[in-house]
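Colleague: Take this structure, written in structure tokens, and hold onto it; I'll ask about it next.
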Amino acid sequence: MADLESRIARLEAESQIRQLVARYSFDIDDRRVDAVRALFADDAVLRSHDGVMQAVGVDAIMAQFDGRFAVLGPGHHVMHDIQIDFDGDDTARGRVSGHAELWRNGQMMVAAIRYADRYRKTGTGWKFAERVLGFLYYVPVDAYPGILGQRNRNHAYADPLPADFPEGSADWIAYELSQAAIA
């Protein structure tokens, strides 16, 4: 068992990472761009599973956000579950689930989100080293009823795209194949 000092340091690091995730939601919604910039390591990566977002380095990430903000009005991001796994004293991985209510391209939309994160401790605290965004759905409010019965649940763009999870995940596919083999 780790000594008390190490255990406290780990709890403090987890708390700081949770604060980082919370700040992201508040700062994105409030368009606090300087605060958003401060959340990312200089060489951080921000991308989406669908490949639409792909930025490397904090300047590219901020330019990408400018493009996103151009089509987004007010929004409300709410994070739910946060799973943090430490790789060492200065690095960790995380999975974050959340929802967003958004005004996009002139209409009210809702989204269920998952982030796959990598965090790094820097001289100024914990930062995002990588953030990968995926959607269970991203739809206009009037399309929400019954949306989980469809595979093309990402309506953020002109043509609906398949959802990023869960159907495309290796675990989902393996389970479905195992059930088909039993039948």
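Colleague: Collect the residues in the stretch 171-181 that are exposed (fewer than 12 other Cβ atoms within 10 Å of the Cβ) and hydrophobic (A, V, I, L, M, F, W, C), keeping them in residue-number order.
Modeller: 174, 177, 180, 181
Colleague: Mind listing just one residue for me: the one in the stretch 154-170 that is free of Cβ contacts under 8 Å to residues at least 40 places away in the same chain and aliphatic (A, V, I, L, M) and, of those, surrounded by the most Cβ atoms within 10 Å (Cβ to Cβ)?
Modeller: Checked the stretch 154-170; the qualifying residue surrounded by the most Cβ atoms within 10 Å (Cβ to Cβ) is 163.
Colleague: Can you tell me which residues in the stretch 87-107 are closer than 16 Å to residue 15 by Cβ and within 18 Å of the chain's Cα centre (by Cα)?
Modeller: Once the filter is applied, which keeps residues that are closer than 16 Å to residue 15 by Cβ and within 18 Å of the chain's Cα centre (by Cα), the stretch 87-107 yields 92, 94, 96.
Colleague: Taking the residues in the stretch 7-21 that are of a type in the set (A, V, I, L, M) and loosely packed, with under 13 Cβ neighbours inside 10 Å as candidates, determine which candidate is farthest from the chain's Cα centre (by Cα).
Modeller: 8
Colleague: In the stretch 22-61, what residues are crowded, with 17+ Cβ neighbours inside 10 Å and hydrophobic (A, V, I, L, M, F, W, C)?
Modeller: Of everything in the stretch 22-61, those that are crowded, with 17+ Cβ neighbours inside 10 Å and hydrophobic (A, V, I, L, M, F, W, C) turn out to be 28, 36, 39, 40, 41, 44, 45, 46, 53, 55, 58, 61.
Colleague: Take the residues in the stretch 45-54 that are part of a strand (DSSP E or B) and in contact with a Lys or Arg (Cβ under 7 Å, 6 or more places away or on another chain), then tell me which one is nearest to residue 122 (Cα to Cα).
Modeller: Ranking the qualifying residues of the stretch 45-54, first place goes to 46.
Colleague: For the stretch 62-75: of the residues being modelled with pLDDT under 95 and aliphatic (A, V, I, L, M), which is surrounded by the fewest Cβ atoms within 10 Å (Cβ to Cβ)?
Modeller: 70
Colleague: Criterion first (over 12 Å from the mean Cα position of the chain (by Cα), more than 26 Å from residue 58 (Cα to Cα), among the β-branched types (Val, Ile, Thr) and crowded, with 16+ Cβ neighbours inside 10 Å) does residue 110 satisfy it?
Modeller: So residue 110 passes the test.
Colleague: Now, a different point. Is it true that residue 110 is closer than 26 Å to residue 45 by Cβ, at pLDDT 95 or above, of a type in the set (Val, Ile, Thr) and not in a loop (DSSP other than H, G, I, E, B)?
Modeller: no
Colleague: Only one of 34, 29, 59 is assigned to a helix (DSSP H, G or I), at pLDDT 95 or above, out of contact with any helix residue (DSSP H, G or I) (no Cβ under 7 Å at 6 or more places or on another chain) and farther than 20 Å from residue 122 by Cβ; which?
Modeller: Criteria check complete, one pass: 29.
Colleague: Which numbered condition in (1) under 14 Å from the mean Cα position of the chain (by Cα); (2) at pLDDT 95 or above; (3) not polar (S, T, N, Q) is the only one that residue 50 fails?
Modeller: (2)
The values are calculated or read from the model by the stated rules, or taken from the named source; none is laboratory data. Quick caveat: nothing in here was measured; it's all calculated off a predicted structure. Cβ sites come from the backbone with ideal geometry, for glycine too, and all protein chains shown count toward neighbours.
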